[in-house]
Structures are given as C-alpha cells and as structure tokens.
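The values are calculated or read from the model by the stated rules, or taken from the named source; none is laboratory data. Just so it is clear, the model here is predicted, and its values are computed rather than measured. Cβ: placed from backbone, ideal geometry, glycine included. Neighbour counts: every protein chain shown.
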Amino acid sequence: MVKRIMLKISGEVLGDRRGEGIDPQALVRIATEISKVHKAGFQMAVVVGGGNLWRYRDTKEVGIERTTSDYMGMMATIMNGVALQSALEKLGTHCRVATAIDLPQIAEPYLRRKAIRHLEKKRVVVCAGGTGNPYFTTDTAAALRAVELNCEIILKATKVDGVYDADPEKVKGAKRYDKLSFDEAIRKNLQVMDQTAFSLCRESKLKILVFDMHRKNSILEAAQGKKVGTLIS
C-alpha cells in the first residue's frame, strides 16, 4: 500500500450542477472524502483546478490574452484551495495551502521542503497557483508537485470510472481498461492527461490511477489500492 499520494481534482467538482462557482454542499462532500483518506493514515497532497471560476476557452473571445487569462486561472485555483482548506479544517483535518503565486495574506508560498514537512506532520497540503507559470495546466502542476514531494501515485479523480478506448458518453460499448502501460496509453492516444504532465509521470515512473470520484468512498478505495478505475504504470 502506498503512503504518500497526490490527488488531482478539477475545479468543476466544487461547483454547482453546471460546474460553476463554489457550491457549499459539493465543497463539504469533497472535503469529507479527502478527510476519510487523511484519517486512514495517508500523507496527502491535493491539486485542484480552477475551471469552476475561470476558463480561458470560455472567455478568450472577450479579448483577454492567454498569459493574463492563465494567471487569472491560477488565482482561481488559490480561491478553491482556500475554500477547501476551510472545509477540511471544519472537519478537524489539518491543512495548509501552499501557492506558487505569492499571496502571503491567505496562503503560504510553496516551498518543497516545507511542504514535505507538512506531509510528515500529517497535514493535507493543497498545492495551489498551478506551476506559477502560464501555459501549463493543473494536470502538469499535479505531476510536477507529485514528483517534487516524492508521492508514490497520482489519483486523478474524474467523472468516469477509468480510461476507455472511446468516449463512453458518446460511444456505446466503449471498452474500459483495468491497466495500461505508459507506452500503450501514448500509442492509443488515450488522452489520460495533457502531454507535458503525462511525459513527466512516464519519465519519473509515477503511477496514475484514473477513477470516478462521484462514488462514495472512491478516493479512499483508490488510495488503499482496491480495484477501482484504470492504473497506468
């Protein structure tokens, strides 16, 4: 069983039915699931996206150029991170938000050694602000932080129960994979993560487990190594 994990969730899971804003019930539900994993004894880092608050693809016609938009997205991830921290601590789970963008009034700066120390002290570490640079996704931020923090696996929580050979929402009879190698995922062009993130995981031999996070206890079961989702290694 692994000891230290990286959980990657999208910002949309914190939103309402349309995946927008921060829905209090969704926030508490996600915090409760994360708290279960923490209380089971796992050291846990989390990267949450910002798509519930800001999406470049939905706003580029407004005229905001990409670099500025990406920084706005990074700030959105910090807002989500602080919200998640508050929900976790209300449940009695100690948490720190470590951000790649300097915002000392609400979060501490991301420092690798300090983040590792927090993990060792049984605190959940929410890595916010992306990588601190535009043009990189939160998938890449999750992969980068997972490698830096010596995580043993990335749990990529999605709205489907694994990796399929086609979109299961569009293709009837799409095949779900239980296990894949990195080479197979690349050869089949399965789009597990963006290529930068996926390449980093491959080079670092960092396992990725893709699973459905909407099922109760699924994050805990994924951390415990139970048969859920698709494992890429």
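For the condition free of Cβ contacts under 8 Å to residues at least 60 places away in the same chain, among the hydrophobic types (A, V, I, L, M, F, W, C) and buried (at least 22 other Cβ atoms within 10 Å of the Cβ), what is the one hit in L84, L88?
It is L88.
R29 is checked against (1) closer than 27 Å to H118 by Cβ; (2) buried (at least 19 other Cβ atoms within 10 Å of the Cβ) and fails just one. What number does that condition carry?
(2)
Please identify the pairs in which a residue from the range 136-164 that is at positive phi has its Cβ atom under 6 Å from the Cβ atom of a residue that is at pLDDT below 95 and of a type in the set (S, T, Y), counting only partners at least 6 apart or on another chain.
G162/T230
So that you can scan it fast, the table gives a plain yes or no per residue for (1) in contact with a Leu (Cβ under 9 Å, 6 or more places away or on another chain); (2) hydroxyl-bearing (S, T, Y); (3) modelled with pLDDT of 85 or more:
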position: E148; (1), (2), (3): no, no, yes
position: A166; (1), (2), (3): no, no, no
position: K175; (1), (2), (3): no, no, yes
position: D178; (1), (2), (3): yes, no, yes
position: E184; (1), (2), (3): yes, no, yes
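Of the residues T138, T99, T93, which single one is crowded, with 19+ Cβ neighbours inside 10 Å, farther than 24 Å from R57 by Cβ and in contact with a helix residue (DSSP H, G or I) (Cβ under 9 Å, 6 or more places away or on another chain)?
Unique residue meeting the criteria: T93.
Select from the range 32-69 the residues that are among the hydroxyl-bearing types (S, T, Y) and closer than 19 Å to K90 by Cα and write down the one among them that is surrounded by the most Cβ atoms within 10 Å (Cβ to Cβ).
Among those residues, the one meeting the criterion is S35.
Looking only at strands (runs of 3 or more DSSP E) that fall completely inside the range 1-108, which ones have 2 or more residues that are of a type in the set (D, E, K, R)?
Answer list for the range 1-108: 4-9.
In the range 119-135, what residues are within 14 Å of L103 (Cβ to Cβ) and either surrounded by 24 or more Cβ atoms within 10 Å (Cβ to Cβ) or basic (K, R) (or both)?
V126, C127, A128, G129, G130, listed by residue number.
Does R113 satisfy the criteria of being assigned to a helix (DSSP H, G or I) and at negative phi?
yes
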